[in-house]
1. Compute the acute angle (0 to 90°) between the alpha-carbon long axis of helix 5-41 and the principal axis of greatest extent of the alpha-carbon atoms of the chain; round to the nearest 10°.
2. What is the order of 5, 139, fewest Cβ neighbours within 10 Å to most?
3. Return the Cα extents of the stretch 43-145 along principal axes one, two and three, sorted largest first, each rounded to a whole Å.
4. Give the angle, between 0 and 90 degrees and rounded to the nearest 10, that separates the Cα long axis of helix 45-82 from the longest principal axis of the Cα atoms of the chain.
5. Neighbouring Cβ atoms within 10 Å as the yardstick, rank 16, 130 fewest first.
6. If you take the beta carbon distance between residue 102 and residue 46 as r and set R0 to 35 Å, what does 1/(1 + (r/R0)^6) give as a FRET efficiency, to the nearest 0.05?
7. How far, in nm, would the chain grow between residue 87 and residue 140 when pulled straight, counting 0.36 nm per residue and subtracting the alpha carbon separation?
8. Kindly list the residues of the stretch 71-92 that lie in the label zone of residue 118, defined by a backbone N under 18 Å from the point 7 Å along the Cα-to-C-beta vector.
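No lab work stands behind these numbers, since they all come straight from the coordinates. If you're wondering where the values come from, they're calculated on a predicted model, not measured in any experiment. Note: ideal-geometry Cβ built from the backbone for every residue, glycine included; neighbour counts use all protein chains shown.
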């Protein structure tokens, strides 16, 4: 009868390692949380206020970047709907589209290659103006090909 002792030993060693890592990770997380609590408790009210302002500024920066990405993606979809052959479209990654926001209206330049009505593949750029409505959906205000 062949012995499966090496497999059992390997299983025990592996299982011990996994359990050890899980325990360490939980301990490490608690340790970090306690250290952060002590750090925050040692701050002056002015320092706490400054940290809160920094956190709020970072959150607003992230929210703005998320809205720009949403506008970019929405514009890509709007442009795709207007194409003669949408399946032929090769869009650049939407995160690279130039975009800016002014008074809640987003201007995005979508760059792509697609087949036209003559079945010729051509590169183009389209400036899409879009805005987000109360429901959270995006509407296209205008689309204009860049010449």
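1. Around 70 degrees separate the two axes.
2. Result, fewest neighbours first: 5, 139.
3. Here the spans come out as 69, 25, 19 Å, largest first.
4. Taking Cα atoms only, the helix is inclined about 50 degrees.
5. 16, 130
6. Computed FRET efficiency for residue 102 and residue 46: 0.50.
7. Result for the pair: 17.0 nm of gain on full extension.
8. Within reach of a label on residue 118, which here means backbone N under 18 Å from a point 7 Å along Cα→Cβ, the stretch 71-92 contributes 84-85.
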